[in-house]
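Asker: Have a look at the structure that comes next, please.
Nothing in this text is a laboratory measurement; each read-out follows from the coordinates by a stated rule. Quantities reported herein were computed from a predicted structural model and do not represent experimental measurements. In this analysis, Cβ positions are derived from the backbone assuming ideal geometry, glycine residues included, and neighbour counts consider all displayed protein chains.
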Amino acid sequence: MSQVEAPRPRFAQIADILRDRIRRGVHAPGSALPSEPELSREFDVSRITINRAVGLLRSEGLVRVQRGRGAFVRSVPIITRSATRRHGDRDKGRGAFDVELRRLGLEPTWTAAIDRVPASQQTAELLGVDVGAELVARRRRYFANDIPVQIADTYLVAELAEKAGVTEANTGPGGTYSRLADIGRGPIHFSEEVTCRGASPSEAAFLEIEPNQPVFEILFVAADRDHRPVAVTRHVMAGHQWRLRYDWTDEPESD
């Protein structure tokens, strides 16, 4: 029988032991943890204590709880989002996300829904249009090996979206940005603001995390060669699931 010691709370000590087992591969990615009754007997504690320990691991993103089935070790590895590389790679697949996941040996899938919405004040300012102007909203939900990993909503001025042919779910190889390039409005200037915040209830439900668990929100603006904004995207991803990478060169400009 495994033993736990005071003064740390028992559930925290049990979480430490389970965390270590996961990291050592005792409980492999995608495998089920022992059931609450089994863990309760092993550690000689109540099921409530086990539930709190598993809840701690769940809040860290190490396990996913499926109702009626139990707790399962996270099966998808941490995904690296390289801001300076991803858009140059988009033509190697069906978009940057597709390339990122296939590089890890994961199978990317997504759903897309298209809406017509009025521009909010923030989106209007970023796109340089009037508040209330008609926008096409491309609402995508991304999965890695069928596990939900990202929410991405892209907004384009309706007239531009229609001209580029991105008012349908399938935009073809390279995605939306490649279709914009086809009409001479391809984005080459990018900016993004990253915020770490708690997940909203709807975000938590889709990403299968706890409400208020940390997520990255990336507000991404793409502009064409003339610095005219063409698209604004809001990405939301679970903080434990993603690593954000930024590369740059610090060299003086040549004369």
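Asker: Based on other C-beta atoms within 10 Å, arrange H235, H227 from fewest to most. Write down the numbers at each step before the final one.
Answerer: On the way: H235 22, H227 8.
Ranked by crowding around the Cβ, least crowded first: H227, H235.
Asker: Further question on the same structure: For helix 47-59, what angle does its Cα long axis make with the longest principal axis of the chain, in degrees from 0 to 90 and rounded to 10?
Answerer: 30
Asker: Given the DSSP H assignment, sum -39500 (n - 2.57) over each helix run of at least 4 residues in the chain and divide by its residue total; what's the result at 222 nm in deg cm²/dmol, nearest 500? Can you show the working numbers first?
Answerer: Values: 8 runs with 73 residues, N = 255.
Rounded to the nearest 500, the figure is -8000 deg cm²/dmol.
Asker: Describe numerically, in nm with one decimal, the distance between label points set 7 Å from Cα along Cα→Cβ at N170 and at D182.
Answerer: About 1.3 nm, to one decimal.
Asker: I would also like to ask the following. Using 0.36 nm per residue of separation minus the Cα-Cα distance, give me the extension gain between S46 and N212 in nm, one decimal. Each step should come with its number before you reach the end.
Answerer: Numbers: separation 166, 0.36 × 166 = 59.76 nm, distance 2.68 nm.
Length difference between fully extended and current span is 57.1 nm.
Asker: Between R116 and A12, with labels modelled 7 Å along Cα→Cβ, what's the label distance in nm to one decimal, could you check?
Answerer: So the label points at R116 and A12 sit 5.6 nm apart.
Asker: If I stretch the segment between D247 and S191 completely, what's the gain in nm (0.36 nm per residue apart, minus their alpha carbon distance), one decimal?
Answerer: Numbers: separation 56, 0.36 × 56 = 20.16 nm, distance 1.38 nm.
So the chain would gain 18.8 nm between D247 and S191.
Asker: Here's a follow-up. Which of E42, E208, E134 moves the most in a Gaussian network model of the chain with Cα springs under 10 Å?
Answerer: Result for the chain, Cα springs under 10 Å: E42 fluctuates most.
Asker: Mind putting a number on the dipole of the range 79-245 about its Cα centre? Charges go on the C-beta only, +1 for Lys and Arg and -1 for Asp and Glu, and I need it in Debye to the nearest 20. Let's see the in-between values first.
Answerer: Details: 22 positive and 23 negative charges, 113 e Å.
So the magnitude is around 540 debye.
Asker: Using just the C-alpha positions of the chain as equal point scatterers, what log10 of I(q)/I(0) does the Debye formula give at each q in 0.07, 0.14, 0.15 1/Å?
Answerer: Log-scaled intensity ratios, in q order: -0.32, -0.96, -1.06.
Asker: Shape of the range 139-254 from its Cα gyration tensor (a ≥ b ≥ c, root eigenvalues): rounded if a/c is under 1.5, otherwise prolate when a/b > b/c, or oblate? Show your work: numbers first, answer last.
Answerer: Working: a/c = 2.24, a/b = 1.30, b/c = 1.72.
Verdict is oblate for the range 139-254.
Asker: Please arrange R58, R139 by counting, for each residue, the other beta carbons lying within 10 Å of its beta carbon, fewest first. Don't skip to the end; give the middle numbers.
Answerer: Values: R58 19, R139 16.
Going from sparsest to densest Cβ surroundings: R139, R58.
Asker: Could you size up the charge dipole of the range 34-137 around its Cα centre, putting +1 on the beta carbon of Lys and Arg and -1 on that of Asp and Glu, and report it in debye to the nearest 20? Don't skip to the end; give the middle numbers.
Answerer: Working: 17 positive and 14 negative charges, 78 e Å.
The dipole of the range 34-137 has a size of about 380 debye.
Asker: Oh, and also: So, R0 is 35 Å and r is the distance between the beta-carbons of S75 and V131; what FRET efficiency does that work out to, to 0.05?
Answerer: Numbers: r = 44 Å, r/R0 = 1.24.
Here the calculated transfer efficiency is 0.20.
Asker: Against the longest alpha carbon principal axis of the chain, how many degrees, from 0 to 90 and to the nearest 10, is the axis of helix 10-24 turned?
Answerer: Approximately 60 degrees, to the nearest ten.
Asker: Among A12, L135, H235, flag the residue with its Cα farthest along the positive direction of the charge dipole of the chain, charges on Cβ as +1 for Lys/Arg and -1 for Asp/Glu.
Answerer: Of the options given, the answer is A12.
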